[in-house]
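Novice: After the structure tokens below, expect a handful of questions from me.
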């Protein structure tokens with residue numbers, strides 16, 4: 001069987017990985033001011049760790065291009081920010097509140113990067129589809 005859409009599996013995996021990255025970034029932005037989560041601590045920023053394409057390429061049999069995949073989602077190790085807000089319900093006796101260490105500008109830059117990667121992979125899928133349709137049209141004539 002001839003495969004007309006070669007590489008589509010790896011591109012689909014990359015689209016899924018970038019979607020996961022966008023969801024995690026959106027969660028970080030949504031919780032940028034969450035001083036007390038379910039565990040009683042400030043929300044901790046999360047980051048997506050992708051599987052190394054090199055490791056995957058070395059372990060594959062070479063029949064398919066390596067696909068980008070999410071290896072794990074882990075919590076950022078940065079400590080919370082201490083903000084002086086004596087009226088806050090979570091303030092300690094000195095008026096300090098532990099807030100998530102989330103930089104909205106960094107999150108937005110990450111979101112733009114993930115969005116551009118998603119768009120590039122989507123364009124690759126559209127081009128592969130177009131080439132496959134043109135190939136089929138040649139066969140009909």
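Novice: Out of all the residues in segment 95-141, which are surrounded by fewer than 16 Cβ atoms within 10 Å (Cβ to Cβ) and in contact with a strand residue (DSSP E or B) (Cβ under 8 Å, 6 or more places away or on another chain)?
Specialist: 95
Novice: Considering every residue within segment 69-79, establish whether at least one is surrounded by 13 or more Cβ atoms within 10 Å (Cβ to Cβ), over 30 Å from residue 40 (Cβ atoms) and in contact with a strand residue (DSSP E or B) (Cβ under 8 Å, 6 or more places away or on another chain).
Specialist: Checked segment 69-79: at least one residue is surrounded by 13 or more Cβ atoms within 10 Å (Cβ to Cβ), over 30 Å from residue 40 (Cβ atoms) and in contact with a strand residue (DSSP E or B) (Cβ under 8 Å, 6 or more places away or on another chain).
Novice: Tell me whether segment 85-94 contains one or more residues that are out of contact with any helix residue (DSSP H, G or I) (no Cβ under 6 Å at 6 or more places or on another chain), buried (at least 16 other Cβ atoms within 10 Å of the Cβ), at pLDDT 90 or above and over 30 Å from residue 9 (Cβ atoms).
Specialist: Yes, the conditions are met somewhere in segment 85-94.
The values are calculated or read from the model by the stated rules, or taken from the named source; none is laboratory data. Keep in mind it's a predicted model, so treat the numbers as computed, not measured. Neighbour counts are summed over all protein chains in view; Cβ atoms, including those assigned to glycine, are modelled from backbone coordinates with ideal geometry.
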